[in-house]
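The values are calculated or read from the model by the stated rules, or taken from the named source; none is laboratory data. Treat the numbers as computed from the prediction; the structure is a model and nothing was measured. In this analysis, Cβ positions are derived from the backbone assuming ideal geometry, glycine residues included, and neighbour counts consider all displayed protein chains. Ligands, DNA and RNA are stripped out before the accessible areas are found, and what is left, the full protein with its side chains, is counted by its heavy atoms. Shrake-Rupley method; radii C 1.70, N 1.55, O 1.52, S 1.80 Å.
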Amino acid sequence: MAPNLLVLGGTTEATALCRAIANAGLRGTISFAGRVVRPVRHPLPQRVGGFGGAAGLADYLRAHNITHVVDATHPFAAQMSRNAVAACADAQVPLAALTRAPWAPVPGDGWTTVPDITAAVVALDRAPARVMLAIGRMNLPAFAPQPQHFYLLRLVDPPQTPPPFPDHHIMIDRGPFRTDSDRALMADHKIDLVVSKNAGGTGAYAKIAAARDLGLPVIMIDRPALPRRLELHDVQTVLDWAVHAPTDLGV
Ligand code: NAP
């Protein structure tokens, strides 16, 4: 059967993959959660919204004759990734994840690594500081217990409800970002601490490099654990897998 891919998206890697799928003349659909008001445009048909858990995704795969699933979601989109593993096993559809290596500290970095968002909130239990909180809109409510800080928030869309801390500044912007502009941003807002997810990749790394240049500490949140799955690291390898390994269940 000719490949008919489902790409679970929401990242720059997913965008690049869709372009490559279209250029290769392959069939594919990109799926978004629907969190972003104006998703980046893709050259493939798109669908928006949850599938209804792993069972809903398995039904979708069968109903749409999907031959391969590529999980190109963000490394912190753990629920979607877990559902993809379960649904692909259920529907017997090969799955590959298009992943990026996590960032590792280099000389000059002042990271405190924490296991999850909850631990990052605990790590902020300190005297008022000026914090760049670069973790996306969905996790802001978790920081309500630390309202003493000033928070610089950079978001793709304005939050639907005001953040649960009074002293903040919201910037609406979408990556990729540049180190020199992030350095200037942090200096302008007199930032003295950065909180970041360990997203990996290049588009969000500017703030980490800027923090290093300015000698600022970073609270770095580790990635959630995921079930074992086939992990591929570049777009061409994913295309080769889809075209040449149609029966590899990828586990
Ligand atoms: P999540 O917690 O893993 O997913 C929660 C639910 O949202 C999933 O169970 C699924 O609903 C739905 N969903 C997630 N991604 C989807 C997709 N690509 N297509 C269709 N449904 C999807 O995910 P999240 O952390 O909220 O992230 C949502 C989206 O934003 C992802 O696509 C991710 O790539 C992107 N993103 C996330 C982050 C981050 O820091 N988490 C950063 C940048 C971009 P059902 O169970 O109903 O199917």
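First compute the accessible area of the chain with a 1.4 Å probe, then give the percent of it belonging to carbon and sulfur atoms.
Numbers: 6670 of 11970 Å².
Answer for the chain is 56 percent, counting heavy atoms of protein chains only.
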* Structure fact -> In deg cm²/dmol, rounded to the nearest 500, the helical mean residue ellipticity at 222 nm of the chain, built from -39500 (n - 2.57) for every DSSP H run of length 4 or more, is -8500 deg cm²/dmol
* Asked: Expressed in nm², what is the orientationally averaged projection area of the convex hull enclosing the Cα positions of region 93-155?
  -> 6.6
* Could you work out how far the C-alpha centroid of region 1-77 sits from that of region 98-174, in angstrom? => 28
* For region 111-221, what ratio Rg/Rh do Cα atoms give with a Kirkwood hydrodynamic radius? -> 0.91
* How large is the accessible surface per residue of region 111-221, computed with a 1.4 Å probe and reported in Å² as a whole number? -> 45
* Which peptide among 206-217, 109-120 comes first, and what is the full order, when sorted by highest mean count of other Cβ atoms within 10 Å? -> 206-217, 109-120
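Going by average Cβ neighbours within 10 Å, how do the peptides 219-230, 79-90 rank, with the highest at the top? Walk me through the numbers before you get to the answer.
Details: 219-230: 16.1, 79-90: 19.8.
Packing proxy ranking, top to bottom: 79-90, 219-230.
Using per-residue counts of other Cβ atoms within 10 Å, averaged over each peptide, order 41-49, 232-240 from highest down. Don't jump to the answer; show the numbers that get you there.
Numbers: 41-49: 13.3, 232-240: 16.0.
Ranked by mean Cβ neighbours within 10 Å, highest first: 232-240, 41-49.
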* For Arg62 and Asp234 in the same chain, what is the full-extension length gain: residue separation times 0.36 nm, less their Cα-Cα distance, in nm? -> 59.2 nm
* Asked: What is the gain in length, in nm to one decimal, between Arg35 and Ala86 on full extension, counting 0.36 nm per residue of separation less the C-alpha to C-alpha distance?
  -> 16.1 nm
* If you put +1 on each Lys and Arg Cβ and -1 on each Asp and Glu Cβ, how big is the dipole of the chain around its Cα centre, in Debye rounded to 20? -> 400
* Cα-only Debye scattering, the chain: base-10 log of I(q)/I(0) at q = 0.11 Å⁻¹ -> -0.63
* From Cα coordinates alone, what are the radius of gyration and Dmax values for region 21-153 in angstrom? -> 19.0, 57
